[in-house]
Amino acid sequence: MLAKRYRLSKRGSFTYVYRHGERKQTAALKLIYVLSRGEDRVGFSVSNKIGKAVVRNKIKRRLRAAYSPYCGHVAPSQMVFMATEEIVGKSFAEISSDMRYLLIRAGLYTDEKKNG
């Protein structure tokens with residue numbers, strides 16, 4: 001489960017990221033992020049166009065689980081992952097790989113292992 005301190009929860013926080021953020025995307029997932037001080041905070045957005053509540057909640061659970069290995073290891077930022085209609089047919093591994101690709105492409109996460 002994603003700890004509360006890592007979550008974007010208020011509407012104003014989402015709006016701020018949408019207005020001031022930089023965007024990266026794949027076919028199934030969009031990342032909007034703003035670099036900030038402090039810890040990384042993340043929110044997940046799944047539109048009504050994607051499906052009924054059961055489908056949307058399943059996608060949000062998968063997104064949270066895919067992000068959990070990166071908690072605390074990402075550059076301090078506020079970010080929102082938005083699911084597109086393409087995500088419905090994707091497996092968890094494909095969602096994880098898309099998320100990793102977006103984080104690396106945005107420069108928020110590096111794949112390099114630190115020595116020492």
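The values are calculated or read from the model by the stated rules, or taken from the named source; none is laboratory data. Computed from a predicted model, the values in this text were never measured in an experiment. Reconstructed Cβ throughout: ideal geometry from the backbone, glycine too, with neighbour counts over all protein chains shown. Ligands, DNA and RNA are stripped out before the accessible areas are found, and what is left, the full protein with its side chains, is counted by its heavy atoms. Shrake-Rupley method; radii C 1.70, N 1.55, O 1.52, S 1.80 Å.
Not counting the cut sites, what is the longest span of the chain without GluC sites (Glu not before Pro) that DSSP labels loop and that have at most 16 other Cβ atoms within 10 Å?
40-111
Just the Cα atoms of the chain: what Rg and Dmax do they give in Å?
Expressed in Å, the Cα Rg and Dmax of the chain come to 13.6, 48.
Per Stokes-Einstein, at 4 °C and 1.567 mPa s, what whole-number D in µm² s⁻¹ belongs to segment 1-63, with the Kirkwood radius over Cα pairs as the hydrodynamic radius?
This corresponds to a translational diffusion coefficient of 99 µm²/s.
Angle check, please: helix 11-20 long axis (alpha carbons) against the longest principal axis of the chain (alpha carbons), in degrees 0 to 90, nearest 10.
Roughly 70 degrees between the two axes.
Can you list which of the trypsin sites (Lys or Arg not before Pro) found in segment 4-44 are DSSP loop residues with at most 12 other C-beta atoms within 10 Å?
K10, R37
Measuring with a 1.4 Å probe in the full set of protein chains, what accessible area per residue, in whole Å², belongs to the chain?
64
For segment 58-116, treating each Cα as an identical point scatterer without solvent, what Debye log10 I(q)/I(0) comes out at q = 0.17, 0.19, 0.28 1/Å?
Values, matching the q order: -0.59, -0.72, -1.36.
Can you give the angle from 0 to 90° between the axis of helix 92-105 and the longest principal axis of the chain, with both taken from C-alpha atoms, to the nearest 10?
Helix 92-105 sits at roughly 40 degrees to that axis.
At 1.4 Å probe size, with the rest of the protein present, what percent of the exposed accessible area of the chain is carbon and sulfur atoms?
In the chain, the share of accessible area belonging to carbon and sulfur is 48 percent.
Determine the shape class of segment 29-69: with a ≥ b ≥ c the square roots of the Cα gyration tensor eigenvalues, call it rounded for a/c under 1.5, and otherwise prolate if a/b is greater than b/c, oblate otherwise.
Here segment 29-69 falls in the prolate category.
Considering only the other residues whose Cβ falls under 11 Å of the Cβ of Y101, what net charge follows from Lys and Arg at +1 and Asp and Glu at -1?
Computed value for this residue: 0.
Under 14 Å from the Cα of K58, which aspartates and glutamates turn up, not counting those fewer than eight places away in the same chain?
E85
What trypsin sites (Lys or Arg not before Pro) does segment 47-108 have in DSSP loop regions with at most 13 other beta carbons within 10 Å?
K52
Roughly how much of S91 is accessible, in Å² to the nearest 10, using a 1.4 Å probe?
Only protein atoms counted, so the area is about 50 Å².
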